[in-house]
Amino acid sequence: MKRTALLIALAAVVAFTGCSRKVVEQSRVNIEPNRAKVKNVILVIGDGMGPAQVSASIVQAKGDNSQFLRFPYSGFSRTYSYNKYTTDSGAGGTAPMTGHKVQNGHIALSPNNRPWPSLFYILNREQNKATGFVVTSSVLDATPSSSYAHVEDRHMWDMISLQMSQCPHTVMMGGDKEHFLPANRKDGLSPLDTLRSRGYELVFSIDSMVNSKSTKLVALPFMGNPPSAAKRDDFLPKGVEKALSILSQDPHGFALLVEGSQIDWAGHNNDSEFLKEELADFEKTLKVILDFAEKDGNTLVVVTADHETGGLALVSGDIEKGENETRWIHGSHTGVMVPIFAYGPGAERFSGVKQNTDIFYEIMGLTGQMILK
C-alpha cells in the first residue's frame, strides 16, 4: 500500500511540473527492479572534483596507494542543470539525489516548485532503511540538504534547518551549529529542541561524536563551517566510521551520503595546497568506506561529483614523489563531465557516460525499488 501511494504521488508530481520533453528524456537507464538486491548504499560526493582532481589525488598517493584504484568500474557524469550549461551546487546535488535536473539554486524542487522526493527518503519510507550523512560543510549546504529539504533558494538557512529537524535521517554530521540557535535566527525557533524531542543525541565535539553510544545522532562539532582538513582532526573519516557503526545495525540496510565538501572550496580559491590536504582527507575517508564494503559484501559504493570547480590542470609532476604542478583557469564551476567510480554489487551499471540523474535510477533499480520516470 505504501509503495502504491508513493507511485501515485510521484505521478502527480510529474504531471504538474511542466518539465520540458528534453529534460524528461535525458536518462537512458532501463529500470529493472530486482535485478540485484543491494542492501546498503554509500553515495560519496567529492564536491568540485573533476578528472584532474582525481588524477592529482592518485599522484599524491604515489599511484598504487590511491583508494581510487580499488574501484573496478568507472564512468563519467554530465552535470548541466535544467536551465544552465554550468550547474551550481543546488542543482548539482539534487540531480543524483532525486533523478531530476532542476534550476540552479533550487534544492529538490521542480521548475514549478513541486518537491522531488530524495533517494534517501524513498529508501527510508519504502524499504525501512536507515539513512544519514556526513559532510565537511554546513549540514544545511546544498549537497546534504538535497537529501531532506525542498527550497527554491539553497541559502534559505532557517527553512532548511527546520526541514532537517523533521527529516527521518538517523545520523547527521557536519558544521554550522550557529544557524540552529534561536538568537541567530529571524524566526527565533530552536530546531535543536525539535531534534532532542525526536530522540536524537546532540553532540558538539568530535570526541563526543566518536564516543557516543546513541543510535540516533546529530553531530555539530563546529559553530560555523568546519575548518580545512589540516585543522579538523580527521572529522570526515571519524564521522563516517561512527555513522557506519550506527547505520549498519539496521537489519533492513542503510543509505549513507558522504561529502568531501571542501575540495570545491579549494577550487574556488585556486589554492593547490588546500586541495592537496582535502584530497588526502578524501582518500583516508574512501579507505574507511571501501574497507567496510569489502568486508560486508552487500554494500554498493558510488563516488562522483556535483561539478568541477576551478578548471584545474596538471601541467607536470612526479608520481614517485607524490607531487603535482597545477594551474587553474578561474574561480568558479566548469561544465566538464565529472568521474563516477563504483564498487560492490551492481557496480558495473555505473560505467560509461551517464546523466547525473541516472545515478538515482541505477541505485533505485539495484535496491529493487520500483520508481516512476
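What pairs come out if I take residues in segment 175-196 that are within 18 Å of Met209 (Cα to Cα) and basic (Lys, Arg) and pair them with residues that are open to solvent by 60 Å² or more (accessible area, probe 1.4 Å) and modelled with pLDDT of 95 or more whose C-beta lies under 7 Å away, six or more apart or interchain?
Final answer for the pair search is Lys177/Phe204; Lys177/Met223.
Please work out which residue is surrounded by the fewest Cβ atoms within 10 Å (Cβ to Cβ), limiting yourself to segment 138-154 and to residues that are farther than 15 Å from Lys177 by Cα and β-branched (Val, Ile, Thr).
Val151
If the Cβ limit is 6 Å and pairs must be 6+ apart or interchain, which residue in segment 282-303 that is of a type in the set (Val, Ile, Thr) pairs with which residue that is open to solvent by 60 Å² or more (accessible area, probe 1.4 Å)?
Val288/Glu241
So, in segment 90-116, exactly how many residues are crowded, with 20+ Cβ neighbours inside 10 Å, in contact (Cβ under 8 Å) with a residue 24 or more places away in the chain and not small (Gly, Ala, Ser)?
Final tally of qualifying residues: 10.
Could you tell me which of the residues Gly346, Gly331, Gly335 is on the phi > 0 side of the Ramachandran plot and touching a residue at least 40 places away in the same chain (Cβ under 8 Å)?
Just a single option satisfies the conditions, and that option is Gly346.
Do we find a residue being open to solvent by 30 Å² or more (accessible area, probe 1.4 Å), at pLDDT below 95, among the basic types (Lys, Arg) and under 19 Å from Ser138 (Cβ atoms) anywhere in segment 233-243?
Within segment 233-243, none of the residues are open to solvent by 30 Å² or more (accessible area, probe 1.4 Å), at pLDDT below 95, among the basic types (Lys, Arg) and under 19 Å from Ser138 (Cβ atoms).
For segment 284-373, list the strands (runs of 3 or more DSSP E) that sit wholly inside it and hold at least 2 residues that are crowded, with 23+ Cβ neighbours inside 10 Å; which are they? Full working, then the answer.
On the way: elements: 299-304, 313-318, 323-327, 338-343, 352-355.
Because the criterion is at least 2 residues that are crowded, with 23+ Cβ neighbours inside 10 Å, the strands (runs of 3 or more DSSP E) in segment 284-373 that meet it are 299-304, 338-343.
Quick one: how many residues across segment 211-257 are of a type in the set (Lys, Arg) and in contact with a Leu (Cβ under 6 Å, 6 or more places away or on another chain)?
0
Being in contact with an Asp or Glu (Cβ under 9 Å, 6 or more places away or on another chain) and of a type in the set (Ser, Thr, Tyr) is the filter; apply it to segment 232-271 and report the residue that is farthest from Gly132 (Cα to Cα).
Ranking the qualifying residues of segment 232-271, first place goes to Ser261.
Checking the condition of a type in the set (A, V, I, L, M, F, W, C) and surrounded by 22 or more Cβ atoms within 10 Å (Cβ to Cβ), which residue from Leu69, Leu119 passes?
Leu119
Determine which single condition Asp233 fails, assuming it passes every other condition in (1) touching a Phe, Trp or Tyr at 6+ places or on another chain (Cβ under 9 Å); (2) closer than 21 Å to Asp281 by Cβ.
Only one criterion in (1) touching a Phe, Trp or Tyr at 6+ places or on another chain (Cβ under 9 Å); (2) closer than 21 Å to Asp281 by Cβ is unmet by Asp233, namely (1).
Restricting to segment 155-169, name every residue that is over 17 Å from the mean Cα position of the chain (by Cα) and either open to solvent by 10 Å² or more (accessible area, probe 1.4 Å) or among the aromatic types (Phe, Trp, Tyr) (or both).
His155, Met156, Trp157, Asp158, Met159, Leu162, Gln163, Gln166
The values are calculated or read from the model by the stated rules, or taken from the named source; none is laboratory data. Since the model is a prediction, treat every value here as computed from it, not as a measurement. Here Cβ is always computed from backbone atoms with ideal geometry, including for glycine, and neighbour counts include all displayed protein chains. Only protein heavy atoms, including side chains, enter the accessible area calculation; ligands, DNA and RNA are left aside. Shrake-Rupley method; radii C 1.70, N 1.55, O 1.52, S 1.80 Å.
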